């Protein structure tokens, strides 16, 4: 009875003990569950570099994050699958099965440590590594390891495996200030991590374990040994073949870090300022073309030498308004040339590059036709007496010749007839924002470059002329110009075609490709700016060269300096030009003799300047002037009249029968009455004081 009664008591005790154990385990589990649930996680959003991308999604430029690190956003879709499989096989082969802590790996590591008396392998999972990266906390202490385990368990509850892996791909250290697999692939291989070779993938798996000790540029042997271990593990796991592993082992490790891309750097800066907070900035830029033109810009500046010389090149599709390339200087980091200054947005004098707009406006107003005859001779417009750049005059020429020779007198005569305000209105319709010096109203000099305009705005003006006279809204962001496209007409299609046809008749620079390109050059007063702007049936290109501080370039001309770069730029845009369009149906295609009488010869409606038959005039010095000679002979300037000329000083001849219009007079001081007599006996006088 005693033995029989003892058995139920023992069974009851066992049941009670088992229940107690289960309750204890349950309480422990519940306690751990509450412990994990109450975990305060560090911020999970990782700051990544702002990226500026080209039209195809390729990286143009990236910016470091706040602590000066390169950290490009990445996820599993942006990385080669071979790298991901190698990473999991080497670091955490049960990553997709455990819940943050791999108990089997912990048991294995503990047993190995007891058996060998030292730590042989770790038990840190990828999730635990992410926890350490997020907190940047210590792992060499028990408290640090416990915290890492707690955060890892909490991460597994709140994030998916792919989200955890994405944090690792963004934050893993790769040496120096490089974090994340995308930044590492850029730094060590100059490529995106979508198509890594097995050797490259293995090195990127190995580096985060000891990013400084294994840096291939400083410790190539250590990097190679670590890479070999990853390749061996990958072959063991069946991820790569023996042959692939052996070939990868022969690949050299990279000997230096590569710079991050810095293409279209000035444009990238502008877009970043305009869209603060944006992580990715999309552009219309053609990355490959941008690279080719940046190389061309640097070469052009080197060819012309001279400290401080800079350059701007812009390329746009004048049908869509998309900016395809924007080169702001010859080198963004070149301080000796003020490379940091974006010359595509700098106000500069356009020289003669506004003349095509003047002629197009004159065609629309019925003032002239390409075959209209117009005088190129000395003229005065009130107190304004412009001269041609070369100081010579060609007499009667066609409007086509006047524009192709870039003569100043005819274009000023047309501007005087149109009115400067009409030219300013045309610039406004084109979408440009020209700036006049001081607060003075626009004068006739604006047709010769007497205002400020940016290379970007000049590109926009010519894009409109190339687009049949319809304004084009240039834009660097996809879709940004769609709402404004075709909203405003600058000039008629006929006038735009006539100007383009005239410019297409310009001979190319010496040794340039024999393109039939409609182009215009320009040189500002004092040789401070040289320009060349051109277009074909699809693209418009602008080239500016000069010094950012606006100091002169003696002897520099747009035709000699900027035009060859323009033609070379077009060659780098495409191998063959798109043809210019045919004339619109209503275009008047007639010779000078066949034109209606009012269009055969330009005659100002308000007689702004004197006719060619009028007598001579002393353009300098004018009547009543006080001239500082500095003890040197006086150089006079004669306009109008017909040579030869005789000049009298106080009734005494000082120059006789000269055919030049700038006689040097042996006069240095005193009150003098100057008299000039032309070949037909007509005279003009001026009373001046010489000091």
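Just the C-alpha atoms of region 204-319: what Rg/Rh do they give, with Rh taken as the Kirkwood radius?
In region 204-319, Rg relative to Rh is 1.17.
When only alpha-carbon atoms count, how far does the chain stretch along each of its three principal axes, as whole angstroms with the largest first?
161, 59, 50
Order of 149-159, 630-640 by packing, highest average Cβ count within 10 Å first?
The densest-packed peptide leads the list: 149-159, 630-640.
Quick one: which of 367-373, 162-168, 586-592 comes out on top by average Cβ neighbours within 10 Å, and what's the full order, highest first?
So the peptides 367-373, 162-168, 586-592, ranked by packing, come out 367-373, 162-168, 586-592.
In what sequence do 629, 530 fall when counting other Cβ within 10 Å, fewest first?
629, 530
With contacts defined as alpha carbon pairs under 8 Å and 6 or more residues apart, what's the relative contact order of region 51-250 in percent?
Relative contact order, region 51-250: 23 percent.
Whole percent per 5 Å bin, from 0 to the bin with the longest distance: what is P(r) over all C-alpha pairs of region 343-600?
For region 343-600, the binned pair fractions read 1, 6, 13, 18, 21, 19, 13, 6, 2, 1, 0 percent.
Could you work out the Kirkwood radius for region 51-250, taking every pair of different alpha carbons, averaging 1/r and inverting it, reported in Å?
Taking the inverse mean of 1/r over all distinct Cα pairs, region 51-250 comes out at 17.7 Å.
Could you please state, rounded to a whole Å, how far the C-alpha centre of region 153-230 is from the C-alpha centre of region 485-526?
About 53 Å separates the Cα centre of region 153-230 from the one of region 485-526.
Tilt of helix 103-116 relative to the longest C-alpha principal axis of the chain, in degrees (0 to 90, nearest 10)?
70 degrees
With each run of n ≥ 4 DSSP H residues scored as -39500 (n - 2.57), what mean residue ellipticity at 222 nm is computed for the chain after dividing by its residue count and rounding to the nearest 500 deg cm²/dmol?
Value at 222 nm, helices only: -11500 deg cm²/dmol.
Since every read-out is calculated from the coordinates, none of them should be taken as a lab result. Note that the structure is a prediction, hence the values are computed from the model and not measured. No Cβ is skipped: glycine too gets one built from the backbone with ideal geometry, and neighbour counts run over all protein chains shown.
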